[in-house]
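In what follows, a single structure is set out as structure tokens and then discussed.
Computed from the coordinates by the stated procedures, all read-outs in this text should not be read as laboratory data. Since we're looking at a predicted model, the values are computed, not measured. Using ideal geometry, Cβ is built from the backbone for each residue, glycine included, and neighbour counts are taken over all protein chains shown.
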Amino acid sequence: MALRKPIITLLGHVDHGKSSILDQIRGTSIVSREAGGITQAIGCSIVPLETIQKICGALLNSLKLNLTIPGLLFIDSPGHAAFTSLRKRGGSLADIAILVVDINEGFKPQTIESIEILKANKVPFIVAANKIDLQAGWGYNKEKFLLENVNNFDYNIQGEFEKRIYKLVGQFNDLGIQSERFDRVDDYTKQVAIVPVSAITGQGIPELLMVLTGLAQRYLEQQLNIDENGPAKGTILEVKEEKGLGITLNTIIYQGKVHVGDTLVIGGIDEAKTVKIRALLEPAELADMREKKSLFKNVKEVTAATGVKIAAPGLEGSIAGMPLRTGDDLEALKKEVQEEVGEVVSEESEDEGVIIKADTIGGLEALRHLLEEKKIPIASASLGDVTKKDLSKIESMKSKNEFYGVLLAFNISIPQEIEELAKVKKLTLISNQVIYQTIDEYEAYVDNLKKAIELKEFTKLVRPCKFAVLKGYTFRQSNPAIVGVEIEIGRIKTGDPVMNIEGRKISIVKSLQEGKDSVSVAEQGKQLAMALDNVTVGRQVDEGDFLYSDIPEEDFKKLKVLKKHLHQMELVVLKEIAEIKRKNNAVWGVG
């Protein structure tokens, strides 16, 4: 048994400095070569123990921290996809995470998404509060560590610095997370440590590494202890075509040892497959797996935890996020990896729920996690672009339950013909590159659907209405009586029952005419002719009378529930109608 390197991932908003921080640690300049300074592909970097000791230097000595871990394995990924391909059975591939936040901007949408994913996967994390160098008046003495520098600032600069730190503390608190500046943390198991850093100057990087390694050694030793000579377990980070090698897999091996010539079991959508490893290409220390081939070295074997590029015939169709295994019992391993895949991918289900899709198995799992946290059921979970088959699933689900007849897509494209077909069929597709925004849009869809159903129900109800029979405007005395009316409050429609001031039903609105036009609804303030069946003017109704809509008791109960859709004056008339009814029946409309 031996300690392996802890696997570290960086998360955060797209331009808050994840790759720049990693560059400072590596002493490389990947950011300058990437388009727009943003990481373009998932990669990883091995940081050996000697580098950590060199960067932290006197800090380790002052704390008498004896490092026992063999180094760190950093994973770097694009902003929106951070973390979502990093999975193993039972949770995250990462042992610990660094959440990068711009100290000047605070939380952004992807910051919150990152926190949600970390919480869902129960991954411990520390915060790199980046870009401290942008604060006005900020100075930097390379000979001094962070806190010594801060303590030498004048009162105003220190005050502004504290203000920014405690804004972050407040934002974490709003999410139910306790946090504190790293040197003030009382209990690392209860508080998240915030380490102020500058990826540009390197200030705070020694402190960040010190907190990271200290936490890993103190709290993660048990999960870092592995049988380094046992069968290998790993995950595909990226599938790439390399000149001269064909399809290759950038992988993380988190347990055991893998050799050239080993048979590798790879999880798939329908079934697992096996390939024979032709070559293992390991990135040079402090290099990144995405760098060109010259920075890789051919090795005969690798031991966890490490990143390694695997070349083998038959890798076509491999998918990022899929599990890898080596071992003797290939059939048992195939079954094991497919069980793992089945926990995330479920194409068909009898149950009611939403349909979800993502580009990687890790992205699918992250979406699934957050939906399950919100108690939103899932009927189907699959990978790849939206297809006609998916539209059939939505249609089928919509016929069972309109609230679940929706497709939620994370980080995938929707072909134009599919989008147009969905519009024709009136099917809802929600697609976003931020997972929690996908869920927010779904919740908004549900709210709007509830309102639409309520309003549909509401329009069928007899609404409160009070109207006057105008004097001198009797156009016909009976069969049906036709009288001029003025709608004082509310609205009434053809077919609605009418009662008098004693609460006795006298008629039903047969028709309404405004000028020369027949109308179906009479609104407040309107004067128009109303035809009333089974009444005679001078007997059941007189000119000058006030009449009301005769609301059925069941409609009244529903109106109480839907009263937010009624105007204030309608609520007054609703109360008036209830009081009239209760003179004859004390419990009318109660309950």
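Write down the Kirkwood hydrodynamic radius of segment 511-581, to one decimal in angstroms, obtained as one divided by the mean of 1/r over all alpha carbon pairs.
Mean inverse Cα-Cα distance, inverted, gives 14.4 Å.
Assign unit charges at the C-beta atoms only (+1 for Lys and Arg, -1 for Asp and Glu), then state the dipole size of segment 407-476 relative to its Cα centre in Debye, rounded to the nearest 20.
Magnitude of the dipole: close to 1000 debye.
For each of Arg504, Arg325, Arg181, Arg278, count neighbouring Cβ atoms within 10 Å of the residue's Cβ, then give the residues from fewest to most.
Lowest to highest Cβ neighbour count: Arg504, Arg278, Arg181, Arg325.
Between Lys526 and Glu271, what FRET efficiency comes out of the Förster formula 1/(1 + (r/R0)^6) with R0 = 51 Å and r the beta carbon distance, rounded to 0.05?
So, using R0 = 51 Å, E works out to roughly 0.15.
Only Lys, Arg, Asp and Glu count, each charged at its Cβ (+1, +1, -1, -1), so figure out the dipole size of the chain about its Cα centre, rounded to 20 debye. Please list the in-between numbers first.
Working: 76 positive and 84 negative charges, 154 e Å.
Here the size comes out at about 740 debye.
So, by mean Cβ neighbours within 10 angstrom, what's the order for 422-429, 461-468 with the highest one leading?
Going by the mean number of other Cβ atoms within 10 Å, highest first, we get 461-468, 422-429.
Considering every Cα-Cα pair within segment 427-519, what fraction, in whole percent, is farther apart than 21 Å?
53
Of Lys456/Lys526; Lys426/Lys493; Lys516/Lys560; Lys190/Lys309; Lys398/Lys423, which sit over 26 Å apart, Cα to Cα?
Distance filter (> 26 Å) returns Lys426/Lys493; Lys516/Lys560; Lys190/Lys309.
Which of the listed residues, Ser198, Ile126, Pro109, is farthest toward the dipole's positive end in segment 93-233, when Lys, Arg count +1 and Asp, Glu count -1 at the beta-carbon?
Positive-end residue among those listed: Pro109.
With θ taken as phi - 60° and the coefficients 6.51, -1.76 and 1.60, list the Karplus ³J(HN,Hα) couplings across segment 108-119 in order, rounded to whole Hz; mark glycine and proline as x.
10, x, 6, 5, 5, 4, 4, 5, 4, 5, 4, 5
At a threshold of 8 angstrom on Cα-Cα distance, excluding pairs fewer than six apart, so keeping six or more, what relative contact order does segment 2-225 reach in percent?
Relative contact order here is 26 percent.
Under 8 Å for C-alpha pairs, at least 6 residues apart: give me the relative contact order for segment 349-446, rounded to a whole percent.
30
If each of Glu343 and Ala452 carries a label point 7 Å out from its Cα toward its Cβ, how far apart are those two points in nm?
Going from the Glu343 label point to the Ala452 one covers 3.7 nm.
Per DSSP helix of 4 or more residues, -39500 (n - 2.57); summed, then divided by the residues of the chain. What does that give at 222 nm, rounded to the nearest 500? Working shown, then result.
Details: 16 runs with 185 residues, N = 591.
It lands at -9500 deg cm²/dmol.
Roughly how compact is the chain, stated as its Cα Rg over 2.2 N^0.38 Å to two decimals?
On the way: Rg = 34.0 Å, N = 591, 2.2 N^0.38 = 24.9 Å.
That works out to 1.37 for the chain.
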